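Note sheet for the following structure.
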Amino acid sequence: MDSLFNIIAELSFELSPDRMALLAEKFTRLENVAQINSVRSAWGPNINRSLFERFIRELAKHPGMTGNELSIAFKSAIAVAKFSDGKGRQELIWTGPATSSVAVRHTEQALCEVILSATRRLFIVSFVAYKADGIIAALTDALLRNVQIDFLLETSKEHGGSVDIDSAAILKEKLPTANFYAWASEQNIGAASVHAKCAVADESMALITSANLTGKAMEHNMELGVLIRDGALPKQLANHLYGLIAEKIISPIRGA
């Protein structure tokens, strides 16, 4: 029975909640699951055929199950899927050598997805930023959509920071309406660095990564990250970053 429930759980992530609810309602009309073919049309045209066939094969092992019992299993799966969406969905992000064991997406793909998802505002944090043409193109498109873009970057040595490259100046040239922030010197008593790397869009999607905003990090380095869709974490991250501005812990970079 566990195998059947596992497949129903997979179905709840494959099908929309409305489709799952429709099926659950249809199942209540069945005396037993042997009549499952009578509601075949309710599955819709885009069902994953392999998953559907696995479900039918597994269901055949439980001919005594009633339609009401199957309906309850589907309703339970709907509730769990909705609860899971509220907690957020995570995806492993990796740049570097691949293996046959796990399929993962590259950092640049994930960051572009975050940028593309932004409709109102986007906050990006990086130690350095340069030679990331694909990301710059996505950010340029975001500006054309009137998305507010804010950067928190480590400042150059010339401006009291710890890196040789003036990332803010490089990005400002390509993204003239973006906002650039640095750790305010009066707040950074120990002269520490901005070493975090993350991006958050509209409080609904976030990427937390080891990768700097550079071409090498996007395409060649071994970089690890997590992409989070929905749930509380993207909102918490956005609130924290904008709180750094509100409390003047970070301040606008002069001339950027």
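The values are calculated or read from the model by the stated rules, or taken from the named source; none is laboratory data. Quick caveat: nothing in here was measured; it's all calculated off a predicted structure. Cβ placement follows ideal geometry from the backbone for every residue including glycine, while neighbour counts extend to all protein chains displayed.
For the range 179-201, give me each residue that is of a type in the set (Gly, Ala, Ser) and either closer than 20 Å to Pro234 by Cα or at pLDDT 85 or above (or both). Correct list: Ala182, Ala184, Ala192, Ser193, Ala196, Ala199, Ala201. Test each condition in (1) more than 26 Å from the chain's Cα centre (by Cα); (2) within 18 Å of Ile115 (Cβ to Cβ); (3) without any contact (Cβ under 8 Å) to a residue 12 or more places away in the chain for Gly190 and report the one that comes out false. Going through (1) more than 26 Å from the chain's Cα centre (by Cα); (2) within 18 Å of Ile115 (Cβ to Cβ); (3) without any contact (Cβ under 8 Å) to a residue 12 or more places away in the chain one by one, Gly190 breaks only (2).
Surrounded by fewer than 20 Cβ atoms within 10 Å (Cβ to Cβ), over 26 Å from Leu233 (Cα atoms) and touching a helix residue (DSSP H, G or I) at 6+ places or on another chain (Cβ under 8 Å), is that true of Arg49? Talk me through it step by step, then tell me what you get.
Details: surrounded by fewer than 20 Cβ atoms within 10 Å (Cβ to Cβ): yes; over 26 Å from Leu233 (Cα atoms): yes; touching a helix residue (DSSP H, G or I) at 6+ places or on another chain (Cβ under 8 Å): no.
For Arg49, the condition - surrounded by fewer than 20 Cβ atoms within 10 Å (Cβ to Cβ), over 26 Å from Leu233 (Cα atoms) and touching a helix residue (DSSP H, G or I) at 6+ places or on another chain (Cβ under 8 Å) - is not met.
Figure legend. Inter-residue proximity from the range 13-35: first residues more than 18 Å from Leu51 (Cα to Cα), second residues assigned to a loop (DSSP other than H, G, I, E, B) and of a type in the set (Ser, Thr, Tyr), beta-carbon distance below 8 Å, spacing 6+ or different chains. Indicated pairs: Leu30/Thr66; Glu31/Thr66; Asn32/Thr66.
Within the range 160-172, can one find any residue that is more than 22 Å from the chain's Cα centre (by Cα), within 24 Å of Glu203 (Cβ to Cβ) and at pLDDT 95 or above?
Our first condition is that a residue be more than 22 Å from the chain's Cα centre (by Cα); within the range 160-172, this holds for 160-172.
This time we only want the ones that are within 24 Å of Glu203 (Cβ to Cβ), so: 171.
This time we only want the ones that are at pLDDT 95 or above, so: 171.
For the range 160-172, residues more than 22 Å from the chain's Cα centre (by Cα), within 24 Å of Glu203 (Cβ to Cβ) and at pLDDT 95 or above: present.
Taken over the range 24-46, the criterion of being under 13 Å from Ile72 (Cα atoms) and out of contact with any Gly (no Cβ under 9 Å at 6 or more places or on another chain) is satisfied by Ala24, Glu25.
Cβ-Cβ contacts under 6 Å between residues 6 or more apart (or on different chains), taken from a first residue in the range 134-150 that is surrounded by 13 or more Cβ atoms within 10 Å (Cβ to Cβ) to a second residue that is of a type outside the set (A, V, I, L, M, F, W, C) and not in a helix (DSSP H, G or I), are listed as Leu143/Thr177; Gln148/Arg121; Asp150/Asn179. Please tell me if Phe55 is farther than 30 Å from Ala110 by Cβ and either in contact with a strand residue (DSSP E or B) (Cβ under 8 Å, 6 or more places away or on another chain) or in a helix (DSSP H, G or I) (or both). Yes, satisfied.
Beta carbons closer than 8 Å, at least 6 apart along the sequence or on distinct chains, pair a first residue in the range 46-66 that is without any contact (Cβ under 8 Å) to a residue 40 or more places away in the chain with a second that is assigned to a loop (DSSP other than H, G, I, E, B) for Ile47/Leu15; Pro63/Asn32; Gly64/Asn32; Met65/Asn32; Thr66/Leu30; Thr66/Glu31; Thr66/Asn32.
Among the residues of the range 186-197, is there at least one that is out of contact with any Ser or Thr (no Cβ under 6 Å at 6 or more places or on another chain), more than 24 Å from Asp133 (Cα to Cα), assigned to a helix (DSSP H, G or I) and charged (D, E, K, R)?
Applying the first criterion (out of contact with any Ser or Thr (no Cβ under 6 Å at 6 or more places or on another chain)) to the range 186-197 yields 186-192, 194-196.
With the extra rule that they be more than 24 Å from Asp133 (Cα to Cα), the set shrinks to 186-192.
Restricting the remaining residues to those that are assigned to a helix (DSSP H, G or I) gives none.
Looking through the range 186-197, none of the residues is out of contact with any Ser or Thr (no Cβ under 6 Å at 6 or more places or on another chain), more than 24 Å from Asp133 (Cα to Cα), assigned to a helix (DSSP H, G or I) and charged (D, E, K, R).
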